[in-house]
1. Working from Cα positions, state the angle (0 to 90°, nearest 10) between the long axis of helix B:66-75 and the longest principal axis of chain B.
2. In nm, what does the list of distances from A:Lys12 to its counterparts in the other copies look like, shortest first, when each label sits 7 Å along Cα to Cβ?
3. What's the long-distance tail for region A:59-174, i.e. % of Cα pairs beyond 18 Å?
4. Per-residue Cβ counts within 10 Å, from other chains only, averaged over A:158-164: what number is that?
5. Whose Cβ in chain B comes nearest the axis that rotates B onto A, and by how many Å?
6. Per residue of A:11-17, how many C-beta atoms from partner chains lie within 10 Å of its own C-beta, taken as a mean?
7. Take peptides A:91-99, B:67-75, B:10-18, B:80-88 and line them up by average Cβ neighbours within 10 Å, highest first, as a rough protection proxy.
8. Below 14 angstrom from the Cβ of B:Leu174, what's the summed charge of the other residues (Lys, Arg +1; Asp, Glu -1)?
Number of protein chains: 2
Amino acid sequence: MIEVLRLSHRLKRDVRVSTHCALSSRALGASKIYYSGQHDSSYEDSVNKIVSNWGGDFTIEYVKNPIELIKAKKRENYFVVHLTCYGLELNKEITKIRRNKKILVVVGSEKVPPEIYHLADINLSVTNQPHSEIAALSLFLHEYFQGKEMNLKFKNAKIIVKPAKIGKNVIKNL
Amino acid sequence: MIEVLRLSHRLKRDVRVSTHCALSSRALGASKIYYSGQHDSSYEDSVNKIVSNWGGDFTIEYVKNPIELIKAKKRENYFVVHLTCYGLELNKEITKIRRNKKILVVVGSEKVPPEIYHLADINLSVTNQPHSEIAALSLFLHEYFQGKEMNLKFKNAKIIVKPAKIGKNVIKNL
């Protein structure tokens, strides 16, 4: 059970990056994304539309206070992983992290409040280079699930893609 | 030697997603990104600034005609991997792909011209779900380099981050 918290979403400016975060989370085995910052119905709609067409039960929920969410999840025994290029190294820590069955992965934006670093059970880096929260999140999920997430089946899918050498092999149950 | 081609960049609308593509490519071991679409000096500047501060010799180059670039790379014996959710599965194909030492990874935008599917040596999917070219690119590089890309050292770095349990441990050689 992996859930994701995307911090500090901003209307318009962040819609594509936040959507990539949500869709990567869904495709790679997370079950839910929370987001804080500005409430954005069009962001939620675009994620919900993908779920409705492509299946599964991934959900998106806005939270006004991300610190409170993290505290609540900790009380429910979630292990909180904060992804940051300043943290400990993924490859050294992943085996230990994998022992936890309920995880909240926190991904930031430009400025992450210091409190998040202290509340997290681990501050984890996916390389110590600046790159992308989408890349960091995807590599974390891939390492957590050890590649098994590549073969997920999504229930009640109206659109199913079959791997094809060239072109598009799409089954539509609309 | 992995190079990346980002198709159909659009001014303003794509700057963040294209920047994430470039920085993830750099952080995860690619040596160059080409981009087509609209020429964008501010995109190039932001990537070059990261390289100047964080080291290494990653470069960015605009190409007017991406089809011609792909054909030229093929003549130079690059193996061309087109990432698309419609393609063959990463986990089944990666061992074969890894035998190639020179690779051009092509990542699309909304609409990829059919010619790209035919020119590519392989159309490759990182899951058959809609998600993110940044995620697909990162997982491809991670699988190609088998995790070794996590420990890259970047020459001539003015900024070096050391993994820290909490907070930021940054060495600056400015």
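1. Tilt relative to chain B: about 90 degrees.
2. Output for A:Lys12: 0.9 nm, nearest copy listed first.
3. 60 percent
4. Rounded to a whole number, the mean comes out at 5.
5. Nearest to the symmetry axis by Cβ: B:Ile134, 2.
6. 2
7. Ranked by mean Cβ neighbours within 10 Å, highest first: B:80-88, B:10-18, B:67-75, A:91-99.
8. Net charge in that neighbourhood comes out at +3.
No lab work stands behind these numbers, since they all come straight from the coordinates. Computed from a predicted structure; not experimentally measured. All Cβ positions, even for glycine, are placed from backbone atoms using ideal geometry, and neighbour counts span all protein chains on display.
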